[in-house]
Every structure is written in structure tokens, then in C-alpha cells.
1. Looking for whichever is touching a Cys at 6+ places or on another chain (Cβ under 6 Å), touching a residue at least 24 places away in the same chain (Cβ under 8 Å), of a type in the set (A, V, I, L, M, F, W, C) and assigned to a helix (DSSP H, G or I) here; the options are LEU66, LEU78, LEU37. Which one fits?
2. Restricting attention to region 117-142, which residues are among the acidic types (Asp, Glu) and modelled with pLDDT of 95 or more?
3. If you take the residues of region 70-113 that are out of contact with any Lys or Arg (no Cβ under 8 Å at 6 or more places or on another chain) and at positive phi, which of them is surrounded by the fewest Cβ atoms within 10 Å (Cβ to Cβ)?
4. If you scan region 40-55, which residues turn out to be free of Cβ contacts under 8 Å to residues at least 24 places away in the same chain and under 15 Å from the mean Cα position of the chain (by Cα)?
5. Could you list, in sequence order, all residues of region 8-32 that are under 15 Å from ALA60 (Cα atoms), assigned to a helix (DSSP H, G or I) and either of a type in the set (D, E, K, R) or more than 17 Å from the chain's Cα centre (by Cα) (or both)?
6. Can you name every residue in region 96-120 that is touching a residue at least 12 places away in the same chain (Cβ under 8 Å), under 21 Å from LYS38 (Cα atoms) and of a type in the set (A, V, I, L, M, F, W, C)?
7. Restricting attention to region 88-116, and to residues there that are part of a helix (DSSP H, G or I) and of a type in the set (Phe, Trp, Tyr), which single residue is nearest to ALA126 (Cα to Cα)?
Amino acid sequence: MSSKANLDNLVRSGGLNREPPDRKECEGLLSSAIDRLKDAHSPALSFASRFDLAYNAAHALALTALRLHGYRSDKRYLVFQCLVHTVDAGKAQVRMFALCHERRNLAEYEGYLDADDALLTGLLAATDDLMVQVQNAMANAE
């Protein structure tokens, strides 16, 4: 099944909504992701700040990729899962974002965030890769 067909199935099931791409919105999301990811790489910041910045940069990038294809979702987890269809992300990359989403929810809703340097390193690497993928997608969408 094609990526578009998979995304359209998610529309039918209610996970995604169709919405025409908005170049200005995508540029704003990309700009936000660039700033957050740059700051997330700063070792002067706390683990929690760096994790939050990197996670939110990844989400902004994943949402940009989805918006470039003409879809929107208010489900953060689904935005990450759609990366296999929007930028041909690998399963390991998507699993990293899924794990970080779970950790983010623990921190956000239960106040628990374990400082895990290996996780942060993996998140930064996966988000750096996603940045390149989304920038390429933006360039090809022009």
C-alpha cells in the first residue's frame, strides 16, 4: 500500500484530517525546530531542558512533514508514527521518537523524568537526521 493510501486510511479512521499544506506554517514550524534543536545541543542546559527542547523540535519536524503532505493530527504519537509515510523514516528512528514520547508524557503528566544521557544522545541524533529529511522534503515541495 502506498504512503498516501496509508495516510488516507488514517483519515478514514479519524486519526488524521486533510488540510491543504501551508508553506508559511511549515516554514514557521521548521524555524522553531531549528532553534530548539540548536539549544538542545547545548551542554550548559539541564537534562530536562535539553530533552524537552529536542522532543519538541522532533515534534515540530514531524508535524511539518505531515503538513507538507496535506494532513494534520492533534495526536502527537500519530504524528511521529506517520514519519514512515511522510519522510520514509526508518523504524529505529520512529521507535526512538515513540520512546521519547512516552518519557515526555511521564514527565509532563506524572512529574517523572529520569536523566538518561543515552536516551538524550539518541533523541538528538534521530532529530538531527529528521531535520535533514524534512529540509529535503521542504526543498522538494517548492
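The values are calculated or read from the model by the stated rules, or taken from the named source; none is laboratory data. Predicted model only: the values in this text are computed from it and were never measured. Note that each Cβ is placed from the backbone with ideal geometry, even for glycine, and that neighbours are counted across all protein chains shown.
1. Every option except LEU66 fails the conditions.
2. Answer for region 117-142, where residues must be among the acidic types (Asp, Glu) and modelled with pLDDT of 95 or more: ASP117, ASP128, ASP129.
3. This residue is GLY111.
4. LEU53
5. Once the filter is applied, which keeps residues that are under 15 Å from ALA60 (Cα atoms), assigned to a helix (DSSP H, G or I) and either of a type in the set (D, E, K, R) or more than 17 Å from the chain's Cα centre (by Cα) (or both), region 8-32 yields ARG23, LYS24, GLU25, GLU27.
6. MET96, PHE97, CYS100, ALA115, LEU119, LEU120
7. Once the filter is applied, the top-ranked residue is PHE97.
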